[in-house]
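Structure, as structure tokens:
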Amino acid sequence: MYNLRKVPYKETTAWKMSLVKVKFCGITREEDLRKAVELGVDYVGFIMYPKSPRWVGWEKLKHLLSLSEGVKKVVVFVNPSYQEVEQALSMGADFVQLHGEESFEFAKAIGLDKVIKALRVKDSIFVDDVWKKAHAILLDTYSEKAYGGTGESFDWKIAKSVVDAGFRVFLSGGLNPENVSYAIRLVKPYAVDVSSGIESSPGIKDQRKMEAFIHAVKNALKD
């Protein structure tokens, strides 16, 4: 967690005096997981969508979850069965990220306090107030080819409007060490979520980029 304290007096708000959380997603290797924990990220994400280049599979997922001490563990699914979600939670996941077309009723059956609901943004978005009951919503860039992991951003003013409407928002899509500071200042999200922006290739994290991303988050609101 990162305390972003040094801000101009006129911009000091309850949000800016709080902590912006960080999620490193798409982790596939032990060394990247260890680095994420060392850097003090709040959440780590593991992909259980077979079409993703960052897919880990059940055996590796169990192993990585067992090594994720001191950090919140998120398992990312696309249109899973209830049994798959239950299996991930029983293996030690703290949250499941629903990145497909899952309904509110499906999330409610899981337990809303354990759900991060991903919504993909085109030119605008409507978010039903019922999702305020979830742990959070995650806003990502819409693509016809993939459920996330595109490395492309959307209009962050849309995300800001969702934050302003009272939602707890994970901002995702195209974040990297060069733009995350600006994104934080503009959107004021609950958390920032990054995957491809800290990679050398899909599923392979670049530890220098991981460090640079954290540095940028820490310094986002400094004078």
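Things to note:
- Rounded, prolate or oblate (a/c below 1.5 giving rounded, otherwise prolate when a/b exceeds b/c) for the stretch 101-223 by Cα gyration tensor: prolate
- If you take the Cα centroid of the stretch 23-102 and the Cα centroid of the stretch 154-176, the two points sit 22 Å apart.
- Mean residue ellipticity, 222 nm, helices only, the chain: the sum of -39500 (n - 2.57) across DSSP H runs of n ≥ 4, divided by residue count and rounded to 500, is -8500 deg cm²/dmol.
- Sequence-distant aspartates and glutamates (8 or more away, or on other chains) whose Cα lies within less than 17 Å of Lys35: Glu69, Asp193, Glu199, Asp206, Glu211
- Applying 1/(1 + (r/R0)^6) with R0 = 41 Å to the Cβ-Cβ distance of Ile158 and His63 gives a FRET efficiency near 0.65.
- Prolate/oblate/rounded label for the stretch 15-135 (Cα gyration tensor, a/c 1.5): oblate
- Look at (1) 69, 41, 38; (2) 50, 38, 31; (3) 69, 40, 30: the one that is Cα extents along the principal axes in Å derived from this structure is (2).
- Most mobile of Trp58, Trp131, Trp156 in a GNM of the chain (Cα contacts under 10 Å): Trp58
- Surface exposure of the chain, expressed per residue as accessible area with a 1.4 Å probe, stands at 48 Å².
- Here the dipole of the chain is about 660 debye; that uses its Cα centre as origin and unit charges on the Cβ of Lys and Arg (positive) and Asp and Glu (negative).
- Computed over protein heavy atoms with a 1.4 Å probe, the carbon and sulfur contribution to the accessible area of the stretch 12-109 reaches 53%.
- Cross-link reach is defined here as a Cα-Cα straight distance under 23 Å, omitting same-chain residues fewer than 8 places apart; for Lys51 the lysines meeting it are Lys23, Lys60, Lys62, Lys73, Lys117, Lys122, Lys145, Lys205.
- Around the Cα centre of the stretch 113-223, unit charges on the Cβ atoms of Lys, Arg, Asp and Glu (plus for the first two, minus for the last two) sum to a dipole of about 260 debye.
- Here the spin labels are modelled as points 7 Å beyond Cα on the Cα-Cβ line, and at Glu30 and Asp123 they lie 5.0 nm apart.
The values are calculated or read from the model by the stated rules, or taken from the named source; none is laboratory data. Since the structure is predicted, the reported quantities are computational estimates derived from the model, not experimental observations. All Cβ positions, glycine included, derive from the backbone under ideal geometry; neighbour counts span all protein chains shown. To get the accessible areas, we keep the full protein, side chains included, count just its heavy atoms, and leave off ligands, DNA and RNA. Shrake-Rupley method; radii C 1.70, N 1.55, O 1.52, S 1.80 Å.
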